[in-house]
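Note sheet for the following structure.
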Amino acid sequence: MSVDVSYLVTVYNKADALPAVWDSLKAQTGDFSREFVFVDDASTDASVSVLEAIAAEDDRVRILRNDTNRGPAIRLNQAAAEATGRWLHPVDGDDLLPPNASTWMLARLDEAGAPLIYGRRRKEMPKPIDNEAYRTTVEQPLIQAASRPIVHVALMVERALYQTAGGCDETVFIQDQSLALRLSAAARSMVLTDATVVCAPKETAGPTLSADKRQQHHDRYVSAWRLWQSLPKPHAARPALARLCISAAWKLRRDEGGLAWLSTDFLRYLAMEIGFPVASPGTLEMLANRMAALQGIRRPG
């Protein structure tokens with residue numbers, strides 16, 4: 001039986017955060033049917049036990065258990081494949097939603113006739129979204145997503161669009177960039193808003209994916225490059241995707257330290273910013289090969 005909204009919650013070692021996440025989900029206002037799909041990525045803490053207690057409380061909750069850790073991109077796709085809702089509302093396993101987040105985004109999607117909305121994820125306590133918060137409808141979503149990269153899961157998307165886009169790129173570990181690019185490539189339009197639709201924890205115990213800059217830059221490059229390769233020539237979004245690749249390669253070199261400011265990566269990035277055509281197919285292929293040779297990178301695909 002289908003529902004209006006499926007909440008897709010990816011979980012890895014979030015036992016301490018899950019009670020607050022669940023309270024946030026339960027508190028969502030609005031007269032729409034809903035289900036909650038939690039997917040555990042082989043947590044080594046008590047996350048599954050916490051989820052089982054939540055499921056015992058509410059029969060709209062489903063738990064997808066896994067024995068191997070493969071990362072949020074694959075697990076979000078797994079949750080989406082099990083979802084029945086017309087709309088998918090992904091949530092990280094420690095994020096909180098404003099109480100009217102889903103209702104507000106559904107209303108914006110309806111008024112724009114769009115299949116996708118992206119908002120902001122900020123480190124603040126949840127508070128109701130103002131009905132008059134700024135939003136705009138973008139008619140060329142991929143150019144927008146490549147030119148001003150969307151790097152957080154702060155969205156609602158029509159399940160049909162998610163399926164058409166193929167969801168997250170499962171060759172990368174972190175889903176944020178690949179999902180935004182792939183959804184926007186398949187969408188006829190999308191709504192962008194400056195409203196805080198997701199509230200991130202201010203303090204998180206232990207290492208987080210957001211702190212792994214090398215992984216982030218690698219996954220951003222690979223996501224953009226693979227999509228760039230797939231687009232026909234010419235395509236209006238290819239230059240923006242190429243620039244995203246050059247930027248990701250430079251930021252990776254910068255964060256690796258050393259004499260980064262004297263590197264070819266910086267000079268290439270600077271030339272691109274000035275307007276020189278430095279992102280040739282050969283250059284992008286060379287950088288992709290360098291990304292493939294990086295050590296210490298999670299590659300689940």
Can you tell me which of Val222, Val278 is under 19 Å from Ile174 (Cα atoms) and among the β-branched types (Val, Ile, Thr)?
-> Val222
Residue count, the range 146-183 (criterion: out of contact with any helix residue (DSSP H, G or I) (no Cβ under 6 Å at 6 or more places or on another chain) and of a type in the set (Lys, Arg)) = 2
Regarding Asp169, is this residue among the acidic types (Asp, Glu) and surrounded by fewer than 20 Cβ atoms within 10 Å (Cβ to Cβ)?
-> no
Of the residues that make up the range 16-31, is at least one more than 26 Å from Met105 (Cα to Cα), in the same structural domain as Pro99 (by TED's automatic domain parsing) and of a type outside the set (Ser, Thr, Tyr)?
-> yes
Find the residue count for the range 236-267, including only residues that are under 30 Å from Ala186 (Cα atoms) and surrounded by 16 or more Cβ atoms within 10 Å (Cβ to Cβ).
-> 16
Looking for whichever is more than 24 Å from Arg226 (Cβ to Cβ), touching a strand residue (DSSP E or B) at 6+ places or on another chain (Cβ under 8 Å) and aliphatic (A, V, I, L, M) here; the options are Ile150, Ile117. Which one fits?
-> Ile117
Spot the failing condition for Ala56; the list is (1) assigned to a helix (DSSP H, G or I); (2) surrounded by fewer than 16 Cβ atoms within 10 Å (Cβ to Cβ); (3) in contact (Cβ under 8 Å) with a residue 12 or more places away in the chain, and only one is missed.
-> (3)
Which of the residues spanning the range 12-47 are surrounded by fewer than 16 Cβ atoms within 10 Å (Cβ to Cβ) and assigned to a helix (DSSP H, G or I)?
-> Pro19, Ala20, Asp23, Lys26
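The values are calculated or read from the model by the stated rules, or taken from the named source; none is laboratory data. Note that the coordinates shown come from a computational prediction; the quantities given were computed from them, not determined experimentally. FYI the Cβ positions are ideal-geometry reconstructions off the backbone, even for glycines, and counts take in every protein chain you see.
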